[in-house]
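**Q** Below you'll find the structure I mean.
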Amino acid sequence: MAQAPLLQLSDISLTFGGDPVFDDLSLVVQPGDRVALVGRNGSGKSTLMKVMAGLVEPDVGACVVRPGVSVGYMEQDPDLSGFATLGDYAAHGLEPGQMYMVERAGEGLKFDPDRPVSSASGGERRRAALARLMADTPELMLLDEPTNHLDIEAIGWLEAELKSTRAAFVLISHDRRFLTELTRATLWIDRGKVRRQETGFAGFEAWRDKTWEEEDQSRHKLNRKIKAEARWAVEGISARRKRNQGRVRALQDLRAERAGMIRRQGTAAMELAAGPQSGKKVIEAEGITKSFGDKPILRAFDLKVQRGDRVAFVGPNGVGKTTLIRMLTGEIAPDQGKVSLGTNLAMAVFDQTRAQLDPNMSLWDSLTGDPDMRVSGKADQIMVRGQPKHVVGYLKEFLFDDAQARAPVRSLSGGEKARLLLAKIMARESNLLVLDEPTNDLDVETLDLLQDLLGEYPGTVLLVSHDRDFIDRVATTTVAMEGDGRATIYAGGWSDYQAQRAEGMSDPAAEKPKAKPAKSVSSPAKGAPTGLSFTEKHRLEALPKVLERLEAEIAKLEEFLAAPDLFTKEPLKFKKATEALVERQQSLAAAEEEWLDLAERSEG
């Protein structure tokens, strides 16, 4: 006998006094569901989750929770008023003997239960709210951006906890890898409608693109039909038109149908304009160190960054990633060692704290008040990549409407603030981008565009991020800061770093003391007899196993796809296997090219 749903929404409509946020929306959440809730920034994801949590009443329709089912909701801005410490808040409602659950969650999420609420940061408050939810173990968890303000280690802990839970959950997140690992169904909010697909986030983009393609084809057919009927109405004999008033009315209905279609929101018209070319050497750090009191942030560290490198800095919160970048860009001085900057550098900085945005200023003033963007004598013009442009026109390129231009920055959502900061950065020419947590709150479409722009950007990128998928797509080199002042350089992105680190830990020789290797992003280690850096040598030794594994996986997929009736009987499995085959073939080609390059350099 089928179980009753945990939660059911029936014919929900919600307007907030304007255009509908949702109209005639129905959905159910079943026991064991693991659902990704996705959609563009501003599409209503958080609002829908609040309706599910019973915090927002719909104008029409009903939200029904099965009797006896506990629902836990983690919001983006939790209210901790009335509690002295984060631990008091996280333990609220638990039995005294259950405090260990809060302590366990606090350890995994890295928050201090004794921290006074009055001095806690926004990130600490969110981690306390998440710990409270995890300790409460509800049967249905509603999680709104739970990975924001978590470092990669804490994200990994949360991911493991959610994988092992028996509870159902609905999850909003910008973190592709997190969604892909955890979800088995997808709810997609698009222009006030909610669609559901019984596959996880891994299949979302293919589903979205197919839906939009079908929509475009339908729109095209409708336009052609309207055009043909309109020609008949104009050119037909008058008497015939009078006899066929039904056809005239049908034409009016077609036009009404087209007028009622809601256009999709486009992607932001983002563009990165490279300034004058920098010198080949962008940054060279030699033996730099940094400590705060007795706490070492960085021990003797060498790094060379060449023009065009994309260097990602990863590690736990508070380990010193931003401090290291500030030393590399000359903003603060190291305690020892030296940093040399290359010639002709034009730097643009994306700050994770959004310090460049005054919450009390309007979007208009935030742009026109920037000295780098101001056009003398033109109150409504800003300088965009060397050309004057109307401020509202430029804001529209980043998906802001006319009404928002005079609204205060504090009224924006997290994703909108990120877009506004990107608008400020992209208005100027640069050849060195410093991006400190740029992916927070951005939707999938904007992330895709940002990744494409960084891929084509001819300058150099320094990136701090906890988004594993974004690092994999962007970084050519990863600097792992592991605490106690240790920083190690790895070739490639996050997955490459994880693989190389695992290989190093499993290699008995890696445990023996070694002379400290010189670290360079773009050139071999000085004096290395093989012509390769320490990391590259290990990568060369590991690649044959990688190639062997990829070849074996390709053979299995080809054998699976060879079944003559697979396409007709299991089209979804056929599609997934085909995509997996293409991905592994591309990975094999890239790995072979990397092996050839490293092997050739090792002989040089």
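**Q** I'd like to check something: does region 318-329 contain any residue that is in contact with a helix residue (DSSP H, G or I) (Cβ under 9 Å, 6 or more places away or on another chain) and at pLDDT 90 or above?
**A** No; the residues of region 318-329 include none that is in contact with a helix residue (DSSP H, G or I) (Cβ under 9 Å, 6 or more places away or on another chain) and at pLDDT 90 or above.
**Q** Which numbered condition in (1) over 16 Å from Gly485 (Cβ atoms); (2) assigned to a helix (DSSP H, G or I) is the only one that Lys304 fails?
**A** In the conditions (1) over 16 Å from Gly485 (Cβ atoms); (2) assigned to a helix (DSSP H, G or I), Lys304 misses (2) alone.
Residues checked against (1) farther than 23 Å from Asn148 by Cβ; (2) of a type outside the set (D, E, K, R); (3) surrounded by 20 or more Cβ atoms within 10 Å (Cβ to Cβ):
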residue: Ala4; (1), (2), (3): yes, yes, no
residue: Leu14; (1), (2), (3): yes, yes, yes
residue: Pro20; (1), (2), (3): yes, yes, no
residue: Asp24; (1), (2), (3): yes, no, no
residue: Ala36; (1), (2), (3): no, yes, yes
residue: Met52; (1), (2), (3): no, yes, yes
residue: Glu57; (1), (2), (3): yes, no, no
residue: Cys63; (1), (2), (3): yes, yes, no
residue: Met74; (1), (2), (3): no, yes, yes
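**Q** Exactly one of these conditions fails for Arg468: (1) surrounded by fewer than 22 Cβ atoms within 10 Å (Cβ to Cβ); (2) at pLDDT 70 or above. Give me its number.
**A** (1)
**Q** Taking region 525-578 only, how many residues are part of a helix (DSSP H, G or I), modelled with pLDDT under 75 and surrounded by fewer than 13 Cβ atoms within 10 Å (Cβ to Cβ)?
**A** Qualifying residue count for the region: 4.
**Q** Looking at the structure I just gave you, is Leu581 in contact (Cβ under 8 Å) with a residue 40 or more places away in the chain and either of a type outside the set (Phe, Trp, Tyr) or not in a helix (DSSP H, G or I) (or both)?
**A** So Leu581 does not fit the description; no.
**Q** When you scan region 281-298, how many residues do you find that are among the basic types (Lys, Arg) and in contact with a strand residue (DSSP E or B) (Cβ under 6 Å, 6 or more places away or on another chain)?
**A** Final tally of qualifying residues: 1.
**Q** I'd like the full set of residues that are in a loop (DSSP other than H, G, I, E, B), under 25 Å from Gly414 (Cβ atoms) and in contact (Cβ under 8 Å) with a residue 40 or more places away in the chain, limited to region 20-59.
**A** Result: Pro20, Val21, Arg40, Asn41, Gly42, Ser43, Gly44, Ala53, Val56, Pro58.
Listed here are the residues, each with its yes/no results for (1) assigned to a helix (DSSP H, G or I); (2) at pLDDT 90 or above; (3) in contact with a Leu (Cβ under 7 Å, 6 or more places away or on another chain).
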{"position": "Tyr100", "(1), (2), (3)": "yes, no, no"}
{"position": "Arg127", "(1), (2), (3)": "yes, no, yes"}
{"position": "His149", "(1), (2), (3)": "no, no, no"}
{"position": "Glu153", "(1), (2), (3)": "yes, no, no"}
{"position": "Glu159", "(1), (2), (3)": "yes, yes, yes"}
{"position": "Lys163", "(1), (2), (3)": "yes, yes, yes"}
{"position": "Val170", "(1), (2), (3)": "no, yes, yes"}
{"position": "Trp188", "(1), (2), (3)": "no, yes, no"}
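**Q** Looking at region 353-382, which of its residues are part of a helix (DSSP H, G or I) and not hydroxyl-bearing (Ser, Thr, Tyr)?
**A** At the first step, the residues of region 353-382 found to be part of a helix (DSSP H, G or I) are 363-368.
The answer is Leu363, Trp364, Asp365, Leu367.
**Q** I want to confirm something. Restricting to region 383-420 and keeping residues that are acidic (Asp, Glu), part of a helix (DSSP H, G or I) and farther than 16 Å from Asp351 by Cα, which single residue is farthest from the chain's Cα centre (by Cα)? Walk me through it before giving the result.
**A** First pass over region 383-420, keeping only residues acidic (Asp, Glu): 397, 401-402, 416.
Going one step further and asking which of them are part of a helix (DSSP H, G or I), we end up with 397, 402, 416.
Going one step further and asking which of them are farther than 16 Å from Asp351 by Cα, we end up with 397, 402.
Values: Glu397: 20, Asp402: 27 Å.
Residue satisfying both the conditions and the ranking: Asp402.
**Q** How do the pairs read when you match residues in region 89-106 that are farther than 18 Å from Glu124 by Cα with residues anywhere that are in a loop (DSSP other than H, G, I, E, B), using Cβ under 7 Å and keeping only pairs 6 or more apart or on different chains?
**A** What qualifies is Met99/Ala91.
**Q** Hey, among the residues in region 105-124 that are loosely packed, with under 15 Cβ neighbours inside 10 Å and farther than 23 Å from Gly414 by Cβ, which one's modelled with the highest pLDDT? Spell out how you get there, then give the answer.
**A** Taking region 105-124 and keeping what is loosely packed, with under 15 Cβ neighbours inside 10 Å, we get 107, 112, 114, 116, 118-119, 121-122.
In the following step, the residues that additionally are farther than 23 Å from Gly414 by Cβ were identified as 107, 112, 114, 116, 118.
Numbers: Glu107: 85, Asp112: 85, Asp114: 87, Pro116: 92, Ser118: 88.
Checked region 105-124; the qualifying residue modelled with the highest pLDDT is Pro116.
**Q** In addition: Within region 319-328, can one find any residue that is touching an Asp or Glu at 6+ places or on another chain (Cβ under 7 Å), outside any helix (DSSP H, G or I), under 21 Å from Asp436 (Cβ atoms) and assigned by TED's automatic domain parsing to the domain that holds Gly287?
**A** Taking every residue of region 319-328 in turn, none turns out to be touching an Asp or Glu at 6+ places or on another chain (Cβ under 7 Å), outside any helix (DSSP H, G or I), under 21 Å from Asp436 (Cβ atoms) and assigned by TED's automatic domain parsing to the domain that holds Gly287.
**Q** Assess whether Ala423 counts as being out of contact with any Pro (no Cβ under 9 Å at 6 or more places or on another chain) and either at pLDDT 90 or above or among the small types (Gly, Ala, Ser) (or both).
**A** On the way: out of contact with any Pro (no Cβ under 9 Å at 6 or more places or on another chain): yes; either at pLDDT 90 or above or among the small types (Gly, Ala, Ser) (or both): yes.
Against the criterion (out of contact with any Pro (no Cβ under 9 Å at 6 or more places or on another chain) and either at pLDDT 90 or above or among the small types (Gly, Ala, Ser) (or both)), Ala423 qualifies.
**Q** Taking region 398-432 as the search range and keeping residues that are of a type in the set (Asp, Glu) and closer than 20 Å to Leu453 by Cα, which one is surrounded by the most Cβ atoms within 10 Å (Cβ to Cβ)?
**A** Glu416
**Q** Does region 371-395 hold any residues that are of a type in the set (S, T, N, Q) and either touching a His at 6+ places or on another chain (Cβ under 8 Å) or under 18 Å from Ala274 (Cα atoms) (or both), and which are they?
**A** Answer for region 371-395, where residues must be of a type in the set (S, T, N, Q) and either touching a His at 6+ places or on another chain (Cβ under 8 Å) or under 18 Å from Ala274 (Cα atoms) (or both): Gln381, Gln387.
**Q** Take the conditions farther than 30 Å from Asp441 by Cβ, among the aliphatic types (A, V, I, L, M) and either in contact with an Asp or Glu (Cβ under 7 Å, 6 or more places away or on another chain) or modelled with pLDDT of 75 or more (or both) and apply them to Val479. Does it pass?
**A** no
The values are calculated or read from the model by the stated rules, or taken from the named source; none is laboratory data. Keep in mind that what you see is a predicted model, and the values were worked out from it rather than measured. As a convention, Cβ positions derive from the backbone with ideal geometry for all residues, glycine included, and neighbour counts pool all protein chains shown.
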